[in-house]
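**Q** Dumping the structure here so I can ask a few things about it.
The values are calculated or read from the model by the stated rules, or taken from the named source; none is laboratory data. This structure is a prediction, so every number in the text was calculated from the model and none was measured. Reconstructed Cβ throughout: ideal geometry from the backbone, glycine too, with neighbour counts over all protein chains shown.
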Amino acid sequence: MKEKEITILAIESSCDETAAAVVREGREILSNVISSQIELHKLYGGVVPEIASRKHIEKINQVIEEALKEAGVTLDEIDAIGVTYGPGLVGALLVGVAEAKAIAYAKGLPLVGVHHIEGHISANYIENKDLEPPFVCLVVSGGHTHLVRVKDYGTYEIIGRTRDDAAGEAFDKVARAIGLGYPGGPKIDKLSKEGNPEAIVFPKAHMSDSPYDFSFSGVKSAVLNYINGCQMKGESYSQADIAASFQKAVTDVLVENAMKAVDEFGLKKFAIAGGVASNSALRAAMQEACDKKGVKFYHPSPIYCTDNAAMIGVAAYYEYLAGTRHGWDLNAVPNLKLGER
C-alpha cells in the first residue's frame, strides 16, 4: 500500500512549447505553465527547430520555477521528475531531458522518461476522473495521427497510423495554400464556420490493406490542384468553402476509422487527444457518432490538447507506479515508438 501521495514535477519540450507542471496522484494538477513560441515561428510559416531549441534553453528554468511557485511546493516535496524524451525535435527534446536529469541528480530523485503520445492519451484522465482503460484513443496533432487501443495504463497497441502527412500537418499546409498563415488548425476551424462543407468534394483515402490507417497527402494535393485550377481559369474561389470542405473530408475519415475500431474491439469508451482534438467540427462529429453507438466520448479541454506538461505528469505517475525508472544515460529519441521503453 502507498504510504503517501506521489507528487511529480513534469517537463515537456518536444516541439515549440516549453512547459512544466506539478501533478499529484496522477489526476490532480497543481500547476501547468506553458511558454509558447507560436508568435516567433509565425514569421517562418512553421516551427524552425534551431530557434525552438534556443528558446527552450532561455525559458526552461523560468517555467519550472513558475510551476513550483504556482503549485506552492518546493523541490524537496517532489517525489519524481517526469520528462518527455521522444518523439519530437531532437534539439528541443534534449533541453528538457538535460534539465530533468540535472534536477533528478541534484535532488536524488527518480527519473521517469515519458513518450509524448502517451502524454496526449493521458491528458484524458485529468478531467475525466471516471476514465480507466481499456478504451480506444485517436491521437491527432501536427506530427501524429494514431489510432491506439489503450489496454491498460502504459500498455498500448497502435492499430492505425498515417501513411504520410499527419492530420495537423495537412491543416497547416492547406491553411498556407489558401492564405491563412500559421498555425493552420485554429484558422481553418474558425473560417470553416462561414463556409459550406458540401461545396467541394475532396477525396477521402481508405487503405484496403489496413483499414485503420490514414493518408492525408491526397486531400492536401486535391486542395492545391483545385486552387491552381481556379487560378488558371481566372475563376474566383471561396476560402471558407475550401476550408469547410477540406475539414469535412479529414474529419469524415477520422470518424469512420475510429468508429470501426470501437466496433471491432467492442469497447464502449472512446477518447481523442492531441492539438487537432480541439477542432470543433471533429469534436461535434465524434460526439454524434459516439452517441449513435451508445459509446461514452471523452476529450480533454483545449489547454490539455496542445503540448503541455500536465499530461506528461499524469503519464509519468502511472509509469512511476509501474516501476519505470530511467538512468543518467536517458537520451532524446526523436523517433521513439509508442510502447518502447
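**Q** Here's a check for you: in the stretch 51-75, which residue that is at pLDDT below 95 and of a type in the set (D, E, K, R) is surrounded by the fewest Cβ atoms within 10 Å (Cβ to Cβ)? Write out each step before concluding.
**A** Let us first name the residues in the stretch 51-75 that are at pLDDT below 95, namely 51-59.
Then drop every residue that is not of a type in the set (D, E, K, R), which leaves 54-55, 58-59.
On the way: ARG54: 15, LYS55: 22, GLU58: 11, LYS59: 21.
Ranking the candidates gives GLU58 first.
**Q** Which residues, taken from the stretch 102-129, are in contact with a Leu (Cβ under 7 Å, 6 or more places away or on another chain) and crowded, with 21+ Cβ neighbours inside 10 Å?
**A** Within the stretch 102-129, ALA104, LEU111, GLY113, HIS115, ILE117, GLU118, ASN124, TYR125 qualify.
**Q** When the residues of the stretch 195-222 are filtered to those that are closer than 23 Å to SER141 by Cα and of a type in the set (D, E, K, R), which remaining residue is modelled with the lowest pLDDT?
**A** For the stretch 195-222, the residue satisfying everything is LYS204.
**Q** Can you pull out every residue in the stretch 1-36 that is in a loop (DSSP other than H, G, I, E, B) and polar (S, T, N, Q)? Please lay out each step first, then the result.
**A** Initially, the stretch 1-36 is screened for residues in a loop (DSSP other than H, G, I, E, B), giving 1-6, 13-16, 25-27.
If the condition is that a residue be in a loop (DSSP other than H, G, I, E, B) and polar (S, T, N, Q), then SER13, SER14 are the ones that fit.
**Q** Hey, another quick one. Kindly provide the set of residues from the stretch 51-95 that are without any contact (Cβ under 8 Å) to a residue 12 or more places away in the chain and in contact with a Gly (Cβ under 9 Å, 6 or more places away or on another chain), ordered by number.
**A** ARG54
**Q** Oh, and also: The conditions are (1) buried (at least 22 other Cβ atoms within 10 Å of the Cβ); (2) in contact with a His (Cβ under 6 Å, 6 or more places away or on another chain); (3) over 24 Å from ASP329 (Cα atoms), and VAL95 fails exactly one of them. Which is it?
**A** (3)
**Q** Answer yes if at least one residue in the stretch 96-112 is touching a Ser or Thr at 6+ places or on another chain (Cβ under 6 Å) and outside the structural domain of GLN287 (by TED's automatic domain parsing), and no otherwise.
**A** Going residue by residue through the stretch 96-112, those that are touching a Ser or Thr at 6+ places or on another chain (Cβ under 6 Å) are 96, 112.
Within this subset, residues satisfying the condition of being outside the structural domain of GLN287 (by TED's automatic domain parsing) are 96, 112.
Among the residues of the stretch 96-112, at least one is touching a Ser or Thr at 6+ places or on another chain (Cβ under 6 Å) and outside the structural domain of GLN287 (by TED's automatic domain parsing), which makes the answer yes.
**Q** Which of the residues belonging to the stretch 147-168 are among the basic types (Lys, Arg) and farther than 22 Å from PHE216 by Cα?
**A** Filtering the stretch 147-168 for residues among the basic types (Lys, Arg) gives 149, 151, 161, 163.
Result: LYS151, single match.
**Q** Taking the stretch 83-97 on its own, how many of its residues are of a type in the set (A, V, I, L, M, F, W, C), within 16 Å of HIS326 (Cβ to Cβ) and assigned to a helix (DSSP H, G or I)? Even if it seems obvious, please write down each step before you answer.
**A** Our first condition is that a residue be of a type in the set (A, V, I, L, M, F, W, C); within the stretch 83-97, this holds for 83, 89-90, 92-95, 97.
Cutting the leftovers down to within 16 Å of HIS326 (Cβ to Cβ) gives us 83, 93-94, 97.
Imposing the further condition that a residue be assigned to a helix (DSSP H, G or I) reduces the set to 93-94, 97.
So the answer is 3.
**Q** Residues in the stretch 37-50 that are in contact with a Pro (Cβ under 9 Å, 6 or more places away or on another chain), outside any loop (DSSP other than H, G, I, E, B) and either surrounded by fewer than 18 Cβ atoms within 10 Å (Cβ to Cβ) or not assigned by TED's automatic domain parsing to the domain that holds ILE103 (or both): how many? Give the derivation first.
**A** Going through the stretch 37-50, the residues in contact with a Pro (Cβ under 9 Å, 6 or more places away or on another chain) turn out to be 38, 41-42, 46.
Filter once more, so that each one left must be outside any loop (DSSP other than H, G, I, E, B): 38, 41-42.
Still in the running and either surrounded by fewer than 18 Cβ atoms within 10 Å (Cβ to Cβ) or not assigned by TED's automatic domain parsing to the domain that holds ILE103 (or both): 38, 42.
Result for the stretch 37-50: 2.
**Q** Test of understanding: among ASP252, ASP213, which residue is touching a residue at least 40 places away in the same chain (Cβ under 8 Å) and touching a strand residue (DSSP E or B) at 6+ places or on another chain (Cβ under 6 Å)? Spell out how you get there, then give the answer.
**A** Details: ASP252 fails: touching a strand residue (DSSP E or B) at 6+ places or on another chain (Cβ under 6 Å).
The conditions single out ASP213.
**Q** For the stretch 102-154, give me every one of the strands (runs of 3 or more DSSP E) that falls completely inside it and has 3 or more residues that are more than 21 Å from ILE60 (Cβ to Cβ) and either of a type in the set (A, V, I, L, M) or out of contact with any Lys or Arg (no Cβ under 8 Å at 6 or more places or on another chain) (or both). Spell out the reasoning first.
**A** On the way: elements: 111-115, 135-140, 145-152.
Counting at least 3 such residues, we get 135-140, 145-152.
**Q** I'd like to check which helices (runs of 4 or more DSSP H) are fully inside the stretch 222-341 and have at least 1 residues that are within 15 Å of the chain's Cα centre (by Cα), among the charged types (D, E, K, R) and not assigned by TED's automatic domain parsing to the domain that holds ALA106.
**A** Values: elements: 239-265, 280-293, 302-305, 310-321.
Result: 280-293.
**Q** ASP152 fails exactly one of the following numbered conditions: (1) in contact (Cβ under 8 Å) with a residue 40 or more places away in the chain; (2) in the same structural domain as ALA170 (by TED's automatic domain parsing). What is the number of that condition?
**A** Just one mismatch for ASP152, condition (1).
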